[in-house]
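**Q** One structure, as structure tokens, below. Some questions next.
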Amino acid sequence: MKRIGAAILAVALSIGFAACGKPANSGNQGNGGGLSSVEIWGAPGTAKILRDVHGIYDDVKTGAAVKVTAARGEYEGSHVILTAKADVSYDAASSQLKAADGTTFDASNVELFVEKYVRVAANFENNGMPVGDYPDALVPMNAIKNAGENEIAKGNNQGIYVRFNVPADQKPGTYTGSIALTVGKDKTNVPVTLNVVDALVSQENHMRSVFLNQWSLYKG
């Protein structure tokens, strides 16, 4: 019995050491098809692009590019949407942006978030909005990769939210660059244009917050 117990312990320890020796999860690399497996398109940051609903976005759908206008000291966002024709993995990273005069917009001020979804099975007052999987949480791209969740199932939309943090001292101008997008084993660049206007959003908050919780206030 002692020999059997020792053998079991040895096997358990070897499994434990093997697990400790594994490299950190860097996401799903090159799984599934390539660029032919997805449609890449854009949408304004205010649009709600459902994961499982299609054919209703003609009024907000743009080409495979990100175009944003923002003031100095402002946060502004946009969507890159991947519509999968097959199960596929993906990755994205932002580049530095540059103006014609050589002024740069640092890549650290272009943040990428993966949109996570929540199921909405009914809508109040049947207001014409579809039921389905609505974008809700925004999770940093690196966190999604570390969790191995950078995959899209066939037939689904996957939103990548691009957030620009424009420094208050950023020089006004038009900055261009790209988002490096990897789909399966294929790579492409999604063009990015950021127009920084000569206006400053106050960095101080002079308004009080108010939280209304009476149902009678719903319609004013």
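The values are calculated or read from the model by the stated rules, or taken from the named source; none is laboratory data. Predicted model, so just to flag it, every value in this text is computed and none were measured. With ideal geometry, Cβ positions are generated from the backbone for all residues, glycine too; neighbour counts draw on all protein chains shown. Side chains are part of the model used for accessible areas, which takes the heavy atoms of the whole protein and leaves out ligands, DNA and RNA. Shrake-Rupley method; radii C 1.70, N 1.55, O 1.52, S 1.80 Å.
**Q** Among the listed pairs K154/K185; K116/K171; K48/K171; K98/K154; K48/K98; K145/K171, which have their C-alpha atoms separated by more than 27 angstrom in this model?
**A** Beyond 27 Å: K116/K171; K48/K171; K98/K154; K48/K98; K145/K171.
**Q** Heavy atoms of the protein only, probe of 1.4 Å, neighbouring chains included. What is the accessible area of L138 in Å², nearest 10?
**A** Surface open to solvent at L138 totals about 80 Å².
**Q** Note down the relative contact order for segment 85-156 as a percent, whole number, built from C-alpha pairs under 8 angstrom at least six residues apart.
**A** The normalised contact order for segment 85-156 reaches 40 percent.
**Q** Continuing with the same structure: Quick one: which of 85-94, 199-208, 144-153 comes out on top by average Cβ neighbours within 10 Å, and what's the full order, highest first?
**A** Put in order of decreasing packing, that is 85-94, 144-153, 199-208.
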